[in-house]
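Scroll down for the structure; my scribbles are underneath it.
The values are calculated or read from the model by the stated rules, or taken from the named source; none is laboratory data. Given the structure is predicted, the values throughout are model-derived calculations rather than measurements. Cβ coordinates were reconstructed from backbone atoms using ideal geometry, including for glycine residues, and neighbour counts include every protein chain displayed. Surface areas here come from the heavy atoms of the whole protein model, side chains and all, with no ligands, DNA or RNA. Shrake-Rupley method; radii C 1.70, N 1.55, O 1.52, S 1.80 Å.
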Amino acid sequence: MSTADHVHVTKTTNPDTARRASPEQRRTLLGIGLGNALETFDWAAYALFAPFFATQIFNPADPGAALLATFAVFGAGFLIRPFGAIAFGWIADRKGRKFSLIAAILCASAGLLLIGLAPTYENAGLLGAGILLLARLLQGVAHTGEVAAAYTYIAEVAPPARRGLWSSVIYASGLTATLLASLFGTLLTAVLDHQQMTSWGWRIPFLLGAALGLLTLVLRRRMNEPEAFVKQVRDSTGEPRRSVLADVWRHRGAGARVFLLTAANSVFFYAWIVTGPSWAISVAELEPAEALMASCLALGVGVAVLPILGALSDRIGRRRSTYIYGIGVATLAYPLDQLGRGGGAWRFAVAMTIAVVLFAFLGSVFPALLAELFPTGIRASGIALPYALAAVIFAGTAPFLQQWLNQRGSSAVFVAYIAVTALLGAVAMYFSPETRGIELSTTGDPRP
């Protein structure tokens, strides 16, 4: 990796860093957090409710094939991400973080609405599958836009000495959304029988999520652009602008770190946090209500520890937090798998709780860490494109690979895959500068 991508580290001495968040900053955190929660909710709800709607959208004659097809469509949402990364990265870096955040929430809400209204295989044949695919593509674009803008926005408005704490809002809101999806599943499976769940109950969370998108849109319309972005636009007025791809290539070393860190983040996150309950139902043979309740317990712990570990990273640094995550996951991947499949909801609950806490070491600092690798003018695009490419390769395939390998009795191969990808984060940080506390608004524009 080129040393040209090492940002100049300037520790902040700004007295504002010790202040509490102002009312405007709190509204900003709410707007970012709620929007990110909605983005995560649509992905989590899809994964959690897939066992219920798979045979509604696809041919019910072969339930196993229908579930695999459902997860294949889930993965298709990742294929569009590189294209969305180029578009939304350009929008966020040229037109503004706020504009990108609003566009992202509109796409996400439209995708949720389409899934909630998709016709069944019995009524419309493959039309429902086509609508499901379109919805996933919209959500893939939306997620890329959210990452491009939200990561940069939260990092740029946060006090430098508290950036780790503030960035924990991203995954804390995401885990809260996943928790809500699990609670919806627990509630719905408690009050509806299996036939009701598969015929119409699974539609409820998608339709409700689409409605919540309107509230998020109102909040985001009231947000202001970060000072770092405004200053960068003002200072670069009249200067020739290179293309987005040229700028990303110029900072390819930092982009490579984003790619490796996203790989380390994605596989473990989707295997345990997003599809963990579905895995417990189909592989560990837990009752749906038991699996979802165990998931709720683990996610609640995760929401509580994320801010603590984000604040910890502001003291010990991003590198140490990432090392703890990578080495911890590699060491415990196999024991956690055996514990989770060992029988009984409490064993799965313990395994998933440990997994969530491990993830929080990286998840709490992930947005800040990626943003700190780039100067302001290329920050959104620099994050979005390598993030999207890694998501296609690693995150998009994780649920399918997990299900496919389990069906063939090769679950140990997937466990090894989790361990290896988690270590990629530690490798990336070994070749990265410690960026804790840098002043993003004065970050230099390193040149080859």
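Given contacts defined as C-alpha pairs under 8 Å and at least six residues apart, what's the relative contact order of the chain, whole-number percent? Relative contact order here is 29 percent. Using a Debye calculation, one point per C-alpha and no hydration shell, please list log10 I(q)/I(0) for the stretch 338-401 at q = 0.24, 0.26 Å⁻¹ in order. Relative scattering, expressed as log10 I(q)/I(0), comes to -1.03, -1.07.
Give the residue from Phe414, Val258, Ala398 lying farthest towards the positive end of the charge dipole for the chain; charges sit on Cβ (+1 for Lys and Arg, -1 for Asp and Glu) and the dipole is referred to the Cα centre. Result: Val258. For the options Ala228, Ala298, Ala190, a Gaussian network treatment of the chain with springs between C-alpha atoms closer than 10 Å singles out Ala190 as fluctuating the most. In the assembled protein chains, Tyr270 presents an accessible area of approximately 20 Å² (probe radius 1.4 Å). Its residues counted as N, the chain yields a C-alpha radius of gyration over 2.2 N^0.38 Å of 0.93.
Within the assembled protein chains, the solvent-accessible surface assigned to Tyr430 is about 150 Å², based on a 1.4 Å probe.
The packing ranking of peptides 364-373, 245-254, highest mean first, is 364-373, 245-254, where packing means the average number of other beta carbon atoms within 10 angstrom of each residue. Note on the chain: with a GNM built from Cα contacts shorter than 10 Å, the maximum mean-square fluctuation among Asn36, Asn265, Asn123 falls on Asn123.
Charging the Cβ of each Asp and Glu at -1 and of each Lys and Arg at +1, and nothing else, the dipole of the stretch 305-374 about its Cα centre rounds to 100 debye. Around the Cα centre of the stretch 30-153, unit charges on the Cβ atoms of Lys, Arg, Asp and Glu (plus for the first two, minus for the last two) sum to a dipole of about 480 debye.
Dipole magnitude for the chain: about 1200 debye, using +1 per Lys or Arg Cβ and -1 per Asp or Glu Cβ, origin at the Cα centre. Volume of the convex hull of the stretch 118-253 (Cα atoms only), normalised per residue: 186 Å³. Residues considered: Leu68, Leu187, Leu309. Largest GNM mean-square fluctuation over the chain, using C-alpha springs under 10 Å, is found at Leu187.
Ellipticity at 222 nm from helices only: DSSP H runs of n ≥ 4 in the chain, each -39500 (n - 2.57), divided by the residue count, give -24500 deg cm²/dmol.
Within the stretch 293-340, none of the trypsin sites (Lys or Arg not before Pro) combine a DSSP coil assignment with at most 14 other C-beta atoms in a 10 angstrom radius.
Counting heavy atoms of the protein chains alone, Ser100 has an accessible area of about 0 Å² for a 1.4 Å probe.
Legend: helices of the chain (whole DSSP H runs) are marked when their alpha-carbon atoms reach 20 angstrom or more along the helix axis and their mean Kyte-Doolittle hydropathy is at least 0.5; marked are 63-79, 97-117, 127-157, 163-191, 204-221, 252-268, 288-316, 345-363, 411-430. Of the listed residues Leu67, Leu297, the order by accessible area with a 1.4 Å probe, largest first, is Leu297, Leu67.
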